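J.: Encoded as structure tokens, here's the structure I'll be asking about.
The values are calculated or read from the model by the stated rules, or taken from the named source; none is laboratory data. Keep in mind the model is a prediction, meaning the values are calculated, not measured. All Cβ positions, even for glycine, are placed from backbone atoms using ideal geometry, and neighbour counts span all protein chains on display.
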Amino acid sequence: MTPPFPDAVVTRRSLLKVGGATVSMAALVAACGGDDAAAPGRVGNAPVESPAPDEEADDGTYLRTAASMELALVQLYARLTELGGLAGAQQALVDRMASDHEANAATANELATAAGASAFDCANQWYLDRYIGPALERVAGNADADIPESDDIARDSLRIASTFETTVAAMYQQMIEQVRSQELRVELAPLGALAARHAAAVAITVGEAPGSYVSPATSGGDVTPDESGFTPLYAIPTTFGAVSAQDMVIGARNDAGLRFTLPVDTPAANSYIFDNAVCAP
Amino acid sequence: MENPSRRRVLAAGLAGTALGLVDRRVASAGSTPPSPAPVTAEPEAQPTAEDAGLLAAAREAELASRDLYQLAIDAGAGGGDGTMEALRDDHAAYADVLSGLIGRDATQSRDEELFESLSAGFDSDDTAGVAAAAYDMESTLVATHSALLGQLKGRNGAKTIASILMVEARHCVVLADVAGLGDDLDALFVNDAEPRALTPVEG
């Protein structure tokens, strides 16, 4: 099956690493001698590991990463719109969020160039491959992979939106602490606040006010999945902004009665857009 | 009822105060940002003495916000669904965490000027009307906290303020919905409130 998001980013470092690994392995085999295979086979369906890069993130890195995440959400909403599960006010909400993210990507790139880095005009490939692509598969289905179409495309579209809006808000919240420039914090805050507002609006759209306003967890209560297996969404899920991974639950039930669950994290070293990353749209 | 996305009731109320307004609008999505100042040194973690004064002022604003919601609850606003209480409790929690951050510099008083300037909008059993007033207040808090991030030298203060403003932004969406503007995407997503200048509180 053609991957939903073909690779757009190639780095000189990644090409050198592949070449270097090949040379190193050949040297190891030659030194040890014998005809045995160099490494054991992989077992199971674990994704191919991507070693963390050894570069250090700077303010330019964070801003380029932010731009790439904003553009990832633009792509996400374009695909969800193509799937056609939303209509009326729900589609208007998604259209507005997409437009906001387009604008925020431009802002993040302006900040990046002001900080001495290059603009980055591609969606974050790491997120497309590991989170957004798999999520979209559970909405659209994938016959080759035996993944059924969603049993409620509108529901899953909005739950995906909620997850990624919250993730982007958390990303900016973390970046406010991470960046060295105090001035930059001021610029990042409205970008994160807007994503947080998006997430809140989605929660109110999915749920029923006033029950969908404030999570019981803010006053020490429990939040448990309903009979359909979904944890309710709340406009205010926590008292303080959270940066922990979120479990995204979507898709039709499998034979065991379970739905697809994917913990979604904020960007880290493996998904940062470092200085040497080149965008190839 | 005034559209909360228009000129802020709160900003108009504060225009004549001695504190004045910070001569800077918080950047909104799509605006041209100024160039950030070049930085070479790693920011320190703990609040500096100057930070503590600003965080203490932020704490007093949180206490005023808490008391404004209590005023509304006592007047009969809220409809009994717990939303006003939850927002009140959030601001109480913010004041508590700021107290912990600044330690012995924490004062016990609220920002009386803020409270008095807004109390008329909260002292009512008209839930939608109170929500509109609260929306303005929360919008200004988000703008104020965003501006404060540029003044804090210590990372821990910035981290805490960031975790607060992200949820206060969500408060705005809830309040817009309570005020009957849940279908107004500008009311939900645009914050054109001006930041309120915080006068450092001496410890």
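J.: A:Ala245: of a type outside the set (Val, Ile, Thr), at pLDDT below 95 and surrounded by fewer than 19 Cβ atoms within 10 Å (Cβ to Cβ), yes or no? Let's see the steps before the verdict.
T.: Working: of a type outside the set (Val, Ile, Thr): yes; at pLDDT below 95: no; surrounded by fewer than 19 Cβ atoms within 10 Å (Cβ to Cβ): yes.
Answer is no for this residue.
J.: If you go through the stretch B:106-156 one residue at a time, how many are surrounded by fewer than 19 Cβ atoms within 10 Å (Cβ to Cβ), part of a helix (DSSP H, G or I) and among the charged types (D, E, K, R)?
T.: 3
J.: Filter the stretch B:127-144 down to the residues that are at the interface with chain A (Cβ under 7 Å from one of its Cβ atoms) and more than 23 Å from A:Val202 (Cα to Cα) and list them by number.
T.: None - no residue of the stretch B:127-144 is at the interface with chain A (Cβ under 7 Å from one of its Cβ atoms) and more than 23 Å from A:Val202 (Cα to Cα), so the list stays empty.
J.: Suppose we filter A:Ile160, A:Ile176 for residues that are without any contact (Cβ under 8 Å) to a residue 40 or more places away in the chain and assigned to a helix (DSSP H, G or I); which single one remains?
T.: On the way: A:Ile160 fails: without any contact (Cβ under 8 Å) to a residue 40 or more places away in the chain.
Being without any contact (Cβ under 8 Å) to a residue 40 or more places away in the chain and assigned to a helix (DSSP H, G or I) holds for just one of A:Ile160, A:Ile176, which is A:Ile176.
J.: Being of a type in the set (Val, Ile, Thr) and modelled with pLDDT of 95 or more, is that true of even one residue in the stretch B:153-161?
T.: Yes.
J.: If you go through the stretch A:61-84, how many residues are surrounded by fewer than 24 Cβ atoms within 10 Å (Cβ to Cβ) and either among the acidic types (Asp, Glu) or touching a Leu at 6+ places or on another chain (Cβ under 9 Å) (or both)?
T.: 4
J.: Hey, another quick one. Out of the stretch A:95-142, which residues are of a type outside the set (Gly, Ala, Ser), within 14 Å of another protein chain (Cβ to nearest Cβ) and surrounded by fewer than 23 Cβ atoms within 10 Å (Cβ to Cβ)?
T.: Across the stretch A:95-142, the qualifying residues are A:Asp95, A:Arg96, A:Glu102, A:Asn109, A:Glu110, A:Thr113.
J.: Let me ask something additional. Out of curiosity, is A:Ser150 more than 8 Å from chain B (Cβ to nearest Cβ), of a type in the set (S, T, N, Q) and assigned to a loop (DSSP other than H, G, I, E, B)?
T.: So A:Ser150 passes the test.
J.: Please work out which one of (1) without any contact (Cβ under 8 Å) to a residue 40 or more places away in the chain; (2) within 15 Å of the chain's Cα centre (by Cα) is the condition B:Ala120 fails and give its number.
T.: (2)
J.: Follow-up question, since we're still on this one. What single numbered condition from (1) modelled with pLDDT of 95 or more; (2) surrounded by 19 or more Cβ atoms within 10 Å (Cβ to Cβ); (3) under 17 Å from A:Gly241 (Cα atoms) fails to hold for B:Ala93?
T.: Among (1) modelled with pLDDT of 95 or more; (2) surrounded by 19 or more Cβ atoms within 10 Å (Cβ to Cβ); (3) under 17 Å from A:Gly241 (Cα atoms), the lone unmet condition for B:Ala93 is (2).
J.: If you scan the stretch A:113-139, which residues turn out to be over 23 Å from A:Ala103 (Cα atoms) and charged (D, E, K, R)?
T.: A:Asp129, A:Arg130, A:Glu137, A:Arg138
Residues checked against (1) acidic (Asp, Glu); (2) closer than 17 Å to B:Leu54 by Cβ:
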{"residue": "B:Val97", "(1), (2)": "no, yes"}
{"residue": "B:Ala120", "(1), (2)": "no, no"}
{"residue": "B:Asp126", "(1), (2)": "yes, no"}
{"residue": "B:Ala133", "(1), (2)": "no, no"}
{"residue": "B:Met137", "(1), (2)": "no, no"}
{"residue": "B:Val142", "(1), (2)": "no, yes"}
{"residue": "B:Leu149", "(1), (2)": "no, yes"}
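J.: If only one of A:Ala161, A:Ala193 is within 21 Å of the chain's Cα centre (by Cα) and at the interface with another protein chain (Cβ under 8 Å from one of its Cβ atoms), which one is it? Full working, then the answer.
T.: Values: A:Ala161 fails: at the interface with another protein chain (Cβ under 8 Å from one of its Cβ atoms).
Of A:Ala161, A:Ala193, the one residue that is within 21 Å of the chain's Cα centre (by Cα) and at the interface with another protein chain (Cβ under 8 Å from one of its Cβ atoms) is A:Ala193.
J.: List pairs: first in the stretch A:207-235 and more than 17 Å from A:Ser162 (Cβ to Cβ) and within 11 Å of chain B (Cβ to nearest Cβ), second surrounded by fewer than 13 Cβ atoms within 10 Å (Cβ to Cβ) and among the acidic types (Asp, Glu), Cβ under 8 Å, 6+ apart or cross-chain?
T.: So the pair list comes out as A:Pro216/A:Asp222.
J.: Could you go through the stretch B:59-70 and let me know if any residue there is within 20 Å of A:Pro237 (Cβ to Cβ), in a helix (DSSP H, G or I) and aliphatic (A, V, I, L, M).
T.: no
J.: Among the residues of the stretch B:69-92, write down those that are more than 10 Å from chain A (Cβ to nearest Cβ) and either among the basic types (Lys, Arg) or without any contact (Cβ under 8 Å) to a residue 24 or more places away in the chain (or both).
T.: Listed by number, the residues that qualify are B:Gln70, B:Ile73, B:Asp74, B:Arg88.
J.: Now for a separate question. Consider only pairs whose beta carbons are under 6 Å apart and that are at least six residues apart or on different chains; among these, list those whose first residue lies in the stretch A:256-281 and is acidic (Asp, Glu) and whose second residue is at pLDDT 95 or above.
T.: Listed by first residue and then by second, the contacts come to A:Asp265/A:Ala245.
J.: Say whether the condition of being without any contact (Cβ under 8 Å) to a residue 60 or more places away in the chain and either within 14 Å of B:Glu62 (Cα to Cα) or in a loop (DSSP other than H, G, I, E, B) (or both) is met by at least one residue in the stretch B:186-199.
T.: In the first step, residues of the stretch B:186-199 are kept if they are without any contact (Cβ under 8 Å) to a residue 60 or more places away in the chain; the result is B:188-189.
Adding the requirement that they be either within 14 Å of B:Glu62 (Cα to Cα) or in a loop (DSSP other than H, G, I, E, B) (or both) leaves none.
No - not one qualifying residue is present in the stretch B:186-199.
J.: Tally the residues that are facing another protein chain (nearest Cβ under 8 Å) and either crowded, with 24+ Cβ neighbours inside 10 Å or touching a strand residue (DSSP E or B) at 6+ places or on another chain (Cβ under 9 Å) (or both), restricting the search to the stretch A:173-185. Quick ask: steps written out before the conclusion?
T.: Here is the first cut: in the stretch A:173-185, the residues facing another protein chain (nearest Cβ under 8 Å) are A:173, A:176-177, A:180-185.
When the remaining residues are screened for being either crowded, with 24+ Cβ neighbours inside 10 Å or touching a strand residue (DSSP E or B) at 6+ places or on another chain (Cβ under 9 Å) (or both), the result is A:173, A:176, A:184-185.
The number of residues fulfilling the criteria is 4.
J.: Over 24 Å from A:Ile250 (Cα atoms) and out of contact with any strand residue (DSSP E or B) (no Cβ under 6 Å at 6 or more places or on another chain), is that true of A:Asp100? Don't jump to the end; show me each part of the working.
T.: Values: over 24 Å from A:Ile250 (Cα atoms): yes; out of contact with any strand residue (DSSP E or B) (no Cβ under 6 Å at 6 or more places or on another chain): yes.
In short, yes.
J.: Taking only pairs six or more apart or across chains, which ones have beta-carbon atoms under 8 Å, a first residue in the stretch A:192-203 that is closer than 11 Å to B:Leu188 by Cα, and a second residue that is aliphatic (A, V, I, L, M) and at pLDDT below 95?
T.: Qualifying pairs under 8 Å: A:Leu194/B:Ala29.
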